[in-house]
Amino acid sequence: MEVTKLVVLPAVLAFFVLCLHFMTRMARLRNLNLPPGRLGWPVVGETLEFMHAMVEGNVLRFLQERVEKYDSRVFKTSMFGNPVAVFCGPAGNKFLFSNENKNVQVWWPSSVRKLLRLSLVTKVGDEAKMVRKLLMNFLNAETLKNYLPKMDRIAQHHIDTYWKGKEQVFVHPIVKLYTFELACCLFLSIEDSAQISKFSLKFDAFLKGIVGFSLNIPGTRFYRAMKAADEIRKEIKMILEKRKVDLEEKRASPTQDLLSHMLLTSDPSGKFMTEMEILDNILLLLFAGHDTSRSVLSLVMKYLGQLPQVYEHVLKEQLEIIRGKEVGQLLQWEDIQKMKYSWNVVCEVMRLSPPVSGAYREAIKDFTYADYNIPKGWKLHWNTNSSHKDPTIFSDPETFDASRFEGAGPTPFAHVPFGGGPRMCLGQEFARLEILVFMHNIVKRFKWELVIPDEKLKYDPMLEPVKGLEIRLHPSSS
């Protein structure tokens, strides 16, 4: 009996405290002018509806239904066990991007935080600024242009290996090999194809579990992702340990890749990254540095296959660049600057089919937006689709029109495939180079047609063709 009391009484007390906390919280919320919307089922909220929209590749429908129902560009919902205020349109994007460390700070679902641990994704405030600055010293245009010829060689080798002589290919899985090889080469100096292919397989399990419920039990996606992340870190650690020795013995260059840069660069106070921070940031950049670009390139191939007039215009631009070069000469920085139409095409592809659906913030204090109260601790979500398909910003938004990006381009904060503000994707310039280098090499060698012209797309977690985007290749007469 005494034992029973010792067990039951604390449980009852804990339950009572929890109920009291819940009722106090609900009473406080009732006194606030919260954005319209519904929180859905306890814990689950509207997560399943949102994830279903992701799988269907139609997140815009999830947003539009609620914007129209509540007649508001900000609405409340509940996802991943948290109340969430969803901000729509350029005004919402601008508010969240410009209020970093003032009213909001970065936040990600627990699955992302647990998988990417001490990386930049989870850093906030001054610590985030220092890590970002250190990484940007390598990922800026001035540094990356030195690696451009190497990127061109990798693209040519990739096409010779996986595309040349083929009648049909599945674009999405093959393009992954190109983007992953580039990331491995520039970040870790891995150039062996067999090692890269083996390494990339581990990333497949990691990627599939990065967004969702962090249920770490055998059989779940998250469990497989955690296991894969541990294996990837072990491989990176072996490379790191060898690199330390090679740097000490002058067998490696301080500027040969991102790993050397991270090992030898300190913050302004003289503090270096810990080994665990380096491993986690390399993991983050290998993931972000190849999978988003793979998504964009797959969709570029899709739209160029659907729109022959756009393909011809891209080809014309690339051939003009070739005519000004000696036979066999690799791409140089000035060549990239001439690819203006090609980059406008990429921007329009990312407008219509953004590789990332959006991101999250957290309210670090109570604030007001559009006359609504946003409580401290609430999660905040911005979504690329809410502004990319807005007919008040982009006329006839479903029509492909690369000219939208000529001159000054779209309304500020309307086109946000790389985010914005202090948390803007630091790999933007790296992505621009790897995409344009691939486009240059593929259009001058092939034309193609889609096997399934109306193939559907899904977010898992990046946007991808459901069946891998099979195409028929035709060697270009040009």
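Here are some notes:
- Set G219, G212: member being within 30 Å of P417 (Cβ to Cβ), modelled with pLDDT under 95 and either in contact with an Asp or Glu (Cβ under 7 Å, 6 or more places away or on another chain) or not aromatic (F, W, Y) (or both): G212
Yes/no matrix, rows are residues, columns are (1) closer than 15 Å to Y360 by Cβ; (2) at pLDDT 90 or above; (3) surrounded by 15 or more Cβ atoms within 10 Å (Cβ to Cβ):
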position: M26; (1), (2), (3): no, no, no
position: N33; (1), (2), (3): no, yes, no
position: P42; (1), (2), (3): no, no, no
position: L60; (1), (2), (3): no, no, yes
position: F97; (1), (2), (3): yes, yes, yes
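- Residues that are within 26 Å of L463 (Cβ to Cβ) and either aromatic (F, W, Y) or assigned to a helix (DSSP H, G or I) (or both) within the range 208-247 comprise K208, F213, R221, F222, Y223, R224, A225, M226, K227, A228, A229, I232, listed in sequence order.
- Note on the range 169-207: residues that are more than 19 Å from L433 (Cβ to Cβ) and not in a helix (DSSP H, G or I) amount to 3.
- Some residue of the range 375-394 being loosely packed, with under 15 Cβ neighbours inside 10 Å and modelled with pLDDT of 95 or more: yes
- Set side by side, the residues V296, V314 differ, and just one is surrounded by 23 or more Cβ atoms within 10 Å (Cβ to Cβ), farther than 25 Å from K208 by Cα and not aromatic (F, W, Y), which is V314.
- Sole residue being in contact with a His (Cβ under 7 Å, 6 or more places away or on another chain), within 18 Å of L285 (Cβ to Cβ), in contact (Cβ under 8 Å) with a residue 24 or more places away in the chain and not basic (K, R), chosen from F180, F187, F199, F206: F180
- Only residues that are surrounded by 19 or more Cβ atoms within 10 Å (Cβ to Cβ) and either out of contact with any strand residue (DSSP E or B) (no Cβ under 7 Å at 6 or more places or on another chain) or polar (S, T, N, Q) (or both) were counted in the range 160-175, giving 2.
- Search result, residues across the range 341-378 that are free of Cβ contacts under 8 Å to residues at least 24 places away in the same chain and polar (S, T, N, Q): T368
- Residue in the range 435-455 that is basic (K, R) and under 25 Å from the mean Cα position of the chain (by Cα) present: no
- Hits in the range 437-475 (condition: within 27 Å of G209 (Cβ to Cβ), among the aliphatic types (A, V, I, L, M) and part of a strand (DSSP E or B)): L457, L463
- If you filter the range 352-364 down to residues that are farther than 16 Å from P83 by Cβ and either in contact with a strand residue (DSSP E or B) (Cβ under 9 Å, 6 or more places away or on another chain) or basic (K, R) (or both), you find that the one that is surrounded by the fewest Cβ atoms within 10 Å (Cβ to Cβ) is G358.
- Some residue of the range 409-416 being at negative phi, out of contact with any helix residue (DSSP H, G or I) (no Cβ under 9 Å at 6 or more places or on another chain) and either in a helix (DSSP H, G or I) or buried (at least 17 other Cβ atoms within 10 Å of the Cβ) (or both): no
- Failed condition for S403, given (1) out of contact with any strand residue (DSSP E or B) (no Cβ under 6 Å at 6 or more places or on another chain); (2) in a loop (DSSP other than H, G, I, E, B): (2)
- The range 318-340 - residue that is buried (at least 18 other Cβ atoms within 10 Å of the Cβ) and out of contact with any Lys or Arg (no Cβ under 6 Å at 6 or more places or on another chain) and, of those, nearest to L469 (Cα to Cα): M339
- Subset of the range 52-68 that is among the charged types (D, E, K, R) and in contact (Cβ under 8 Å) with a residue 12 or more places away in the chain - its residue that is nearest to P36 (Cα to Cα): R66
- Qualifying residue in the range 285-302 (condition: under 24 Å from the mean Cα position of the chain (by Cα), farther than 27 Å from V466 by Cβ and not in a helix (DSSP H, G or I)): no
- Cβ pairs under 7 Å, 6+ apart, first in the range 86-114 and at positive phi, second hydroxyl-bearing (S, T, Y): G89/S386; G89/S387
Yes/no matrix, rows are residues, columns are (1) closer than 30 Å to H474 by Cβ; (2) in contact (Cβ under 8 Å) with a residue 24 or more places away in the chain:
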site	(1), (2)
S269	no, no
A288	no, yes
T292	yes, yes
Q309	yes, no
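The values are calculated or read from the model by the stated rules, or taken from the named source; none is laboratory data. Quantities reported herein were computed from a predicted structural model and do not represent experimental measurements. All Cβ positions, glycine included, derive from the backbone under ideal geometry; neighbour counts span all protein chains shown.
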